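Reading through the structure tokens given below for one structure.
Nothing in this text is a laboratory measurement; each read-out follows from the coordinates by a stated rule. This one's a predicted model, so the numbers in the text were calculated from it and none came from an experiment. Here the Cβ positions follow ideal geometry from the backbone for every residue, glycine too, while neighbour counts run over all protein chains shown.
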Amino acid sequence: MNGAQSLFKALTSANLDTCFANPGTSEMQLVYEMGKSDSVRPILCLQENVVTGAADGYARMAGKPAFTLLHVGSGFANGIANLHNASRANTPVVNIVGANATYHQPNFPEHEFIGGNITDVARAVSHWTREAKSAAELGSLGAEAIRQAMSGSGRVSTLIAPTNCHWDPAPDAPVDVTPIATPRVAPATIEAVAELLANGRKTGLMLGNHALRNEGLELAGRIAAATGVQLLAETFPSRLARGEGRVPVQLVPYFLEMAQGFFAQYEQIILLGALPPVSTFAYQHSATSKIPPSCELAVCASPDQDVLAALDDLANAVGATQETVARCPRVEPDAPSGPLTAAGIGQSISLAMPEGATLVDEAATAGLDLYIHTAGARRHEYLYAIPGAAIGNGLPVALGAAVACPDRKVVALQADGSGMYTNQALWSMAREQCDVTVVILKNDAYAVLNVELARVRDDEPTEKMLSMLEIDRPSIDWVKISEGMGVPAVAVNTAEDFHREFQRAMAEKGPRLIEASISQDLQPVVDLILAQQRGS
């Protein structure tokens with residue numbers, strides 16, 4: 001047995017059966033092993049940020065990691081943005097990164113980094129990182145990478161595997177792939193939180209990670225019914241059980257000004273699986289926390305703890321056993337008509353998206369209307385594509401989700417600007433015949449930056465300022481891009497046309513793309529920001 005075989009054995013022993021890959025010279029022995037095996041499905045991607053984003057989407061839906069195959073440090077670096085999203089989503093991912101042979105690295109060949117080794121770079125987006133020093137340890141390190149990835153709510157593990165560690169002999173020894181036990185919340189903490197829920201103050205229970213999946217929301221719904229606590233969700237949920245019959249939960253708003261108004265009603269917020277809600281960026285003369293100083297903050301469970309067990313323990317502590325839980329009703333709006341807007345697209349999705357679908361959201365400035373108008377859709381799984389706010393993960397997450405659950409229809413809501421970061425994912429969707437309908441929200445702009453520009457400007461924006469926010473010269477033709485990568489596509493600009501094309505896409509299997517040119521008015525958000533600035 002050589003090192004590559006021992007690593008492959010560790011991966012398959014842990015039931016890792018899917019690999020998203022963009023391999024090169026240093027990974028050829030693993031390519032060879034996969035080619036001989038019936039137990040692993042390799043998915044070729046044309047850029048590393050598609051690889052890592054697809055692994056993210058896959059694990060969110062499969063409940064277990066895929067492994068990636070990345071070529072040396074520069075290839076890994078290409079995938080960093082979406083590994084950052086995965087790490088913030090607490091998604092389990094196992095990265096296998098090839099490297100020059102250990103004895104060749106000191107010769108400083110072209111792939112070696114000037115300022116350090118791959119391990120230094122990997123630590124920025126990985127919870128666990130190791131570089132193998134010999135073939136003898138490659139299998140055991142692979143097993144440990146898997147164990148680390150599956151700990152807590154999910155983690156990113158990265159194993160650097162130099163080529164000589166692949167081809168040198170390795171012992172055919174058993175490896176331990178037993179999951180690491182996730183720590184439970186202490187009984188004293190559960191008791192203290194139960195007392196907070198009984199103190200009569202207006203309270204929000206802010207949920208994150210596994211607490212937002214169906215089992216977690218069912219427990220949270222019972223707690224809310226028994227105590228009157230209001231259920232909130234982190235702004236960027238990695239996976240949320242949503243739609244008809246599901247327990248309703250309110251998302252914390254993204255924009256600082258909206259979030260401050262949202263939290264003003266609460267006297268205390270309890271975090272369960274979520275991090276404290278802070279502003280994504282610091283702004284001059286503005287607070288960094290979305291929660292006002294008058295509101296107390298308490299932590300029931302961190303993302304590294306057993307979130308579902310904490311919910312179960314808390315439900316028992318407050319006596320929430322047989323309560324009638326609030327449910328989202330089914331809403332069937334009228335078919336939209338007239339100019340195409342995000343709200344109209346949301347109406348069509350609510351009417352036509354089938355039960356059990358996966359809705360992937362990187363709709364950017366169109367996202368709020370789309371989220372509101374799909375609340376009453378048939379039950380579905382909602383994946384916010386960019387929990388780390390690194391744009392360009394929507395198409396890869398949709399690819400990975402479709403591979404993980406081929407029987408679920410995937411609807412990907414993708415802003416046009418950020419979609420260009422990873423449009424190569426369309427090619428992999430076509431190659432694998434994934435059942436994904438991509439909706440491109442086309443406004444020919446990085447529209448959110450118009451909002452951000454309003455925070456810093458004292459007068460009207462100049463043409464030169466706006467030139468850095470607009471992508472209409474030339475306007476991107478998504479139909480040609482999509483068809484060039486093997487995905488059938490159509491362009492629409494009215495509500496009626498979108499509704500017809502979306503219904504057709506839901507009735508057929510396989511990848512499709514709808515370029516939806518939308519009209520949008522962000523002036524109310526800009527006015528809110530300017531008004532608050534004048535008030536300060």
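Odds and ends about this structure:
- Electrostatic dipole magnitude of the chain [Cβ: Lys, Arg +1; Asp, Glu -1; Cα centre; debye, to 20]: 660
- Taking the three principal axes of the alpha carbon atoms in the stretch 187-317, the coordinate ranges are 44, 32, 26 Å, sorted in descending order.
- Per-pair calculated FRET efficiency, R0 = 56 Å: TYR254 and MET1 via Cβ, rounded to 0.05: 0.65
- Based on alpha carbons, the Rg and Dmax found for the chain are 23.9, 71 Å.
- Extension gain from ARG473 to ALA124, taking 0.36 nm per residue of separation minus the Cα-Cα distance: 122.1 nm
- Within the stretch 59-100, backbone nitrogen closer than 16 Å to the virtual label 7 Å beyond the Cα of PHE113 toward Cβ: 70-84, 95-100
- Cβ-Cβ FRET estimate between MET28 and THR178, R0 fixed at 35 Å, reported to 0.05: 0.70
- Extension gain (nm, one decimal) between HIS285 and ARG500, 0.36 nm per residue minus Cα-Cα: 72.6 nm
- Per-residue [θ]222 nm for the chain (sum of -39500 (n - 2.57) over DSSP H runs n ≥ 4, rounded to 500): -11000 deg cm²/dmol
- Radius 14 Å from Cβ of GLY484, net charge of other residues (Lys, Arg +1; Asp, Glu -1): -1
- Projected label points at ASN199 and ARG431, each 7 Å from Cα along the beta carbon direction, are separated by 5.6 nanometres.
- Mean sequence separation of contacting Cα pairs (under 8 Å, at least six apart), scaled by the length of the stretch 342-529, corresponds to a relative contact order of 23 percent.
- Listed by chain and number, the lysines placed with their C-alpha closer than 23 angstrom to that of LYS202 are LYS290; residues fewer than eight positions away on the same chain are left out.
- Net charge of Cβ neighbours under 15 Å - reference ALA226; Lys, Arg +1; Asp, Glu -1: -4
- Estimated FRET transfer efficiency when R0 is 60 angstrom, pair ALA136-GLU215 (beta carbons, to 0.05): 0.90
- Label-reachable residues, the stretch 490-506, where backbone N falls under 14 Å from a point 7 Å from ASP444's Cα toward its Cβ: 493
- Relative to the current alpha-carbon distance between ALA101 and ASP334, full extension at 0.36 nm per residue lengthens the span by 77.6 nm.
- Overall form of the stretch 257-326 per C-alpha gyration tensor (a/c, 1.5; a/b vs b/c): prolate
- Under 25 Å from the Cα of LYS409 - lysines, other chains or at least 8 residues apart: LYS64, LYS442, LYS480, LYS509
- For LYS36, the lysines whose Cα falls under 17 Å of its own Cα, not counting residues fewer than eight places away in the same chain, are LYS9.
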